[in-house]
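Reading through the structure tokens given below for one structure.
The values are calculated or read from the model by the stated rules, or taken from the named source; none is laboratory data. What you see is a predicted model; the values in this text were computed from it and never measured. When we count neighbours, we look across all protein chains shown, and the Cβ atoms used for this are built from the backbone with ideal geometry, even at glycine. The protein model used for the area step is the full one, side chains on, heavy atoms only, and it has no ligands, DNA or RNA in it. Shrake-Rupley method; radii C 1.70, N 1.55, O 1.52, S 1.80 Å.
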Amino acid sequence: MSFVDRLRECSRFNPADYLPFLVDGTEVGLILPGFAARLARFPDVFATSAECVRLAAAITGFEGRTRAIETVLRQLVAEGAIRSWRDEPYTVAARLEGNPLFLMERAAIPHFGIWASGVHVNGYVRTGEGLFMWIGRRSPDKHVAPNKF
């Protein structure tokens, strides 16, 4: 696959193909219908419809949401619906500077269409001996891109 083909593949996003994921009436992500069908098996945690997926209204507060979602995610990992459990809790909010709503296992973030980011740092320093560069390398035990620069 060429680089241009890969760009085209990544640029095929169509919001109509997804269901909004709502927490307290606020959209925090987008879920594919197939994954929404899996979540429908957990009606105490997720209320699913043809229009959206909602975190159940009875589940409130940061800790309560975190516990309820983790219970479901652990079952989905055990079933193979989510590839792994990384023990990387990721803070979920409606927007970057918004109040945290809950923590979610990072491996599940893509399934919920939640915006995520990470940090990678490279650097350089000039010394009397010349220019030196520090190039970061991912840990070999990372699930995504292990040992990559």
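Could you tell me whether any residue of the range 88-101 is in contact (Cβ under 8 Å) with a residue 40 or more places away in the chain and either open to solvent by 50 Å² or more (accessible area, probe 1.4 Å) or under 19 Å from Pro33 (Cβ atoms) (or both)? Checked against the condition, which is being in contact (Cβ under 8 Å) with a residue 40 or more places away in the chain and either open to solvent by 50 Å² or more (accessible area, probe 1.4 Å) or under 19 Å from Pro33 (Cβ atoms) (or both), the range 88-101 yields no hits at all.
Can you name every residue in the range 112-149 that is open to solvent by less than 70 Å² (accessible area, probe 1.4 Å), in contact with a strand residue (DSSP E or B) (Cβ under 9 Å, 6 or more places away or on another chain) and free of Cβ contacts under 8 Å to residues at least 60 places away in the same chain? Once the filter is applied, which keeps residues that are open to solvent by less than 70 Å² (accessible area, probe 1.4 Å), in contact with a strand residue (DSSP E or B) (Cβ under 9 Å, 6 or more places away or on another chain) and free of Cβ contacts under 8 Å to residues at least 60 places away in the same chain, the range 112-149 yields Ala116, Gly123, Gly136.
Conditions (1) on the phi < 0 side of the Ramachandran plot; (2) at pLDDT below 95; (3) not in a strand (DSSP E or B), marked per residue:
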site: Glu9; (1), (2), (3): yes, yes, yes
site: Arg12; (1), (2), (3): yes, yes, yes
site: Pro20; (1), (2), (3): yes, no, no
site: Ala36; (1), (2), (3): yes, no, yes
site: Arg41; (1), (2), (3): yes, no, yes
site: Asp44; (1), (2), (3): yes, no, yes
site: Ala47; (1), (2), (3): yes, no, no
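Within the range 70-82, if we keep just the residues that are assigned to a loop (DSSP other than H, G, I, E, B) and hydrophobic (A, V, I, L, M, F, W, C), the residue that is surrounded by the most Cβ atoms within 10 Å (Cβ to Cβ) turns out to be Ile82. Here Ala16 fulfils each of the conditions (1) surrounded by fewer than 11 Cβ atoms within 10 Å (Cβ to Cβ); (2) outside any helix (DSSP H, G or I) apart from (2). For the range 55-69, check the following and say yes or no: at least one residue is at pLDDT 95 or above, part of a strand (DSSP E or B) and open to solvent by 40 Å² or more (accessible area, probe 1.4 Å). No, there is no match, as no residue in the range 55-69 is at pLDDT 95 or above, part of a strand (DSSP E or B) and open to solvent by 40 Å² or more (accessible area, probe 1.4 Å). Limited to the range 83-109, what total is found for residues that are closer than 20 Å to Ala40 by Cβ and at pLDDT below 95? Adding up the residues that qualify gives 0.
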